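The values are calculated or read from the model by the stated rules, or taken from the named source; none is laboratory data. None of these values were measured; they are calculated from a predicted model. As a convention, Cβ positions derive from the backbone with ideal geometry for all residues, glycine included, and neighbour counts pool all protein chains shown. Note: accessible area is taken over every heavy atom of the protein model, side chains too, but ligands, DNA and RNA are not part of it. Shrake-Rupley method; radii C 1.70, N 1.55, O 1.52, S 1.80 Å.
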Amino acid sequence: ERTTTITPCSIRFSFPTPTRSRIKLSYGTAGFRADASILQSTVFRIGILAALRSLKTGGAVIGLMITASHNKVSDNGVKVADPAGEMLTQDWEPFADSVANAPDPESLIQLIADFAKKEDIPLNGSKGATVLLGRDTRPSGESLVEAAKQGICSVIGAVGIDIGVVTTPQLHWIVRARNKDSKPSASELDYFDQVSTSFRCLIDLIPNKSQHGIGKLIVDCANGVGGEKLQVLKQKLNWSDVEIRNSGEQGVLNEQVGADYVQKDKVAPQGFGPPDVGVRCASLDGDADRLVYFTIIPNGNNRINLVDGDKILSLFALFIKDQLSILTDYTNEYQPRVGVVQTAYANGASTKYLNQLGLHVIFTPTGVKYLHEKAHEFDIGIYFEANGHGTILFSNRFLRWLEDKKSTEKSLEKQNAAMRLWAVSKLINQAVGDALSGLLLVEAILQHMGWSVEKWNELYHDLPSRQLKVKVADRTAVVTTNAETIVEKPPGIQEAITALTVKYPQGRCFVRPSGTEDVVRVYAEARTQEAADELATSVAKLVDQFLGFHVGM
Ligand code: G16
């Protein structure tokens, strides 16, 4: 351990960069992720960054989450939540990359000093900084939280508060509540109270409730943190119709379980089988920020009917549109703008459906940070990735209008519609996509409509699709544009992809480097499953030819 001091910042270093790994770390789609064994120094440094971010934002509470979400259990990661509970501002990502990759303590100190000067961050201890630390259930989490704490405490005046094992969305929610909702001591308990109260409100507002029983729900919790948290909600809500599986007592985190596995492989997770045919099932991922639904196909050899993020988005959009149409008419001077945000992974059939609903659909690159930002441009911005990551954002202007409608509307029908939208805004996480609050909203809407999961799935028929991963020598060699639908580099590959794609009716295909795993992802869609599989496989071969581990390439 060595101590290095510069003015005006005093920082004690105990975690040198792991030179042996020679890995270039990048903040990526959702923070730094890698094998947990090489992350101590990165997490320590991001602890420093989080403390600086708190100083920069006038002492606001900043979040630091230790998780690698859907990745395998031996991986871990770190990401930072800004004061509104949203992802770290993208302006700071280059600094995060430099901090994580600084080769020695001296360069790190210099980087921090230069950045603090440029950003006008007071490092003389005159201001306090607070960082809330959370982690998922990975075994490496505890020691990484310690590394983060040391990083935070090495900035004078900064404190790290460890809130233990939480879902990623809970941490984001608590950060937001402490800063934006003026609840300086907001905790997990407040989260549970708010989501359960608003869920109950939605249920109480269902007309003719008794006719709307929709039966049992089984939730696969990916052997992660979602299991114990859903258990709390189940008890709070006295919800006997939900069965929790893969909550982590046995089984490995994310291994043949969880939303990523179910959505990508389109098979039932471990622990599910023929007795579950006909039952509504859902899957969360390892840190409970993704949600998909499914039903098991009878005699289908574990295959499922997937109800993915696009369909969750469509259900939410439909419900919100219905409530708005009750509440507003052409005489209203204020017409709330509703927008929908998707990525290139959105099934073509979902986009067509959303357009038919008359909604404005926008595309961004993969990554909640991009979708979230776009969704803010609307009064009601609904965003979802097909993988089940998404939420609904409400503008302050709209919420003020709704508040007024709730109390001034004479018609009971309109008043109820206003109350429903209000409850949705309280239930659904305003900071980030949240599988638990998303699940409660899906359940409330299905009950409201009196719909089975099959009826919901019939909203539109997905075009067959296939996703594959290709291991390549250097995934950063792939550079994309146009919301990741076109590959710019390496030269020639896009022409080759297009030439293959045009052979297939309704064919669509793109490739992009993953920001969370060391792979290039391939997505293909076509009129039949065989065609989608064939197209994905041929393009995966192409990627391998262009970028694989071939000598001389
Ligand atoms: C993260 C991001 C998501 C993204 C996913 C996959 O999810 O939060 O927005 O869709 O990674 O990203 P990529 O394809 O770049 O690997 P999670 O659930 O792992 O945090």
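Taken over the range 345-355, the residue count meeting the criterion of being in a loop (DSSP other than H, G, I, E, B) and open to solvent by 30 Å² or more (accessible area, probe 1.4 Å) is 0. Across the range 327-342, not a single residue is classified as touching a strand residue (DSSP E or B) at 6+ places or on another chain (Cβ under 7 Å), open to solvent by 20 Å² or more (accessible area, probe 1.4 Å) and among the acidic types (D, E).
G300 falls short on exactly one of the conditions (1) under 16 Å from the mean Cα position of the chain (by Cα); (2) open to solvent by less than 40 Å² (accessible area, probe 1.4 Å); (3) of a type outside the set (A, V, I, L, M, F, W, C), and that condition is (1). Put simply, of G286, G381, G388 the only residue that is within 12 Å of the ligand (Cβ to nearest atom) and in contact with a strand residue (DSSP E or B) (Cβ under 6 Å, 6 or more places away or on another chain) is G388.
The C-beta contact set for the range 356-379 (first residue closer than 16 Å to K79 by Cβ and in a loop (DSSP other than H, G, I, E, B), second residue among the aliphatic types (A, V, I, L, M) and open to solvent by less than 60 Å² (accessible area, probe 1.4 Å), distance under 8 angstrom, 6+ apart or interchain) comprises T366/A344; G367/A30. Restricting the range 507-534 to residues that are surrounded by fewer than 20 Cβ atoms within 10 Å (Cβ to Cβ) and more than 21 Å from K266 (Cα to Cα), which is nearest to the ligand (Cβ to nearest atom)? Result: G515. State whether one or more residues within the range 492-499 are surrounded by fewer than 16 Cβ atoms within 10 Å (Cβ to Cβ), of a type in the set (A, V, I, L, M, F, W, C) and within 29 Å of the chain's Cα centre (by Cα). Scanning the range 492-499, I find no residue that is surrounded by fewer than 16 Cβ atoms within 10 Å (Cβ to Cβ), of a type in the set (A, V, I, L, M, F, W, C) and within 29 Å of the chain's Cα centre (by Cα), so the answer is no. Filtered by the rule that a residue be assigned to a loop (DSSP other than H, G, I, E, B) and either buried (at least 19 other Cβ atoms within 10 Å of the Cβ) or of a type in the set (F, W, Y) (or both), the range 383-403 gives E385, A386, N387, G388, H389. The requirement of being of a type in the set (V, I, T), under 25 Å from G258 (Cα atoms) and part of a helix (DSSP H, G or I) is not satisfied by V424.
With out of contact with any Ser or Thr (no Cβ under 7 Å at 6 or more places or on another chain), at pLDDT 95 or above and buried (at least 18 other Cβ atoms within 10 Å of the Cβ) as the only criterion, which of A96, A60 stands out? Of the residues listed, the single one that is out of contact with any Ser or Thr (no Cβ under 7 Å at 6 or more places or on another chain), at pLDDT 95 or above and buried (at least 18 other Cβ atoms within 10 Å of the Cβ) is A96. Scan the range 285-293 and tell me whether some residue there is at pLDDT 95 or above and open to solvent by 10 Å² or more (accessible area, probe 1.4 Å). Among the residues of the range 285-293, at least one is at pLDDT 95 or above and open to solvent by 10 Å² or more (accessible area, probe 1.4 Å), which makes the answer yes.
Given V232, V262, V242, which one is free of Cβ contacts under 8 Å to residues at least 60 places away in the same chain, at negative phi and within 16 Å of the ligand (Cβ to nearest atom)?
The match here is V262.
Pairs are defined by a Cβ separation below 7 Å, a sequence spacing of at least 6 or placement on different chains, a first member in the range 176-188 that is not assigned by TED's automatic domain parsing to the domain that holds D136, and a second member that is part of a helix (DSSP H, G or I) and surrounded by fewer than 20 Cβ atoms within 10 Å (Cβ to Cβ); the pairs so defined are A177/D190; K183/D190. Pairs are defined by a Cβ separation below 8 Å, a sequence spacing of at least 6 or placement on different chains, a first member in the range 508-521 that is outside the structural domain of D260 (by TED's automatic domain parsing), and a second member that is polar (S, T, N, Q) and near the ligand (Cβ under 6 Å from one of its atoms); the pairs so defined are R512/T366; S514/T29; G515/T29; G515/T366; T516/T29; T516/S69; V520/S514; R521/S514. Here D434 clears all of (1) within 16 Å of the ligand (Cβ to nearest atom); (2) surrounded by 19 or more Cβ atoms within 10 Å (Cβ to Cβ); (3) of a type outside the set (V, I, T); (4) more than 25 Å from the chain's Cα centre (by Cα) except the condition numbered (4).
Filtered by the rule that a residue be of a type in the set (D, E, K, R), in a loop (DSSP other than H, G, I, E, B) and under 18 Å from T167 (Cβ atoms), the range 245-278 gives a lone residue, E249. Annotation note: Cβ proximity below 7 Å between a residue of the range 435-448 that is more than 14 Å from F384 (Cβ to Cβ) and a residue that is among the charged types (D, E, K, R) (sequence gap 6+ or interchain) occurs for L436/K229. Return yes or no: is T4 modelled with pLDDT under 95, assigned to a strand (DSSP E or B) and open to solvent by less than 30 Å² (accessible area, probe 1.4 Å)? Judged against the criteria, T4 is a match.
Test L439 against the stated conditions and say whether it is assigned to a helix (DSSP H, G or I), surrounded by 23 or more Cβ atoms within 10 Å (Cβ to Cβ) and not small (G, A, S). For L439, the condition - assigned to a helix (DSSP H, G or I), surrounded by 23 or more Cβ atoms within 10 Å (Cβ to Cβ) and not small (G, A, S) - is met. Considering the range 44-82, and only residues there that are within 16 Å of the ligand (Cβ to nearest atom) and of a type in the set (S, T, Y), the residue that is farthest from V225 (Cα to Cα) turns out to be S74.
Within the range 299-320, being at pLDDT 95 or above and under 13 Å from F272 (Cα atoms) holds for R303, I304.
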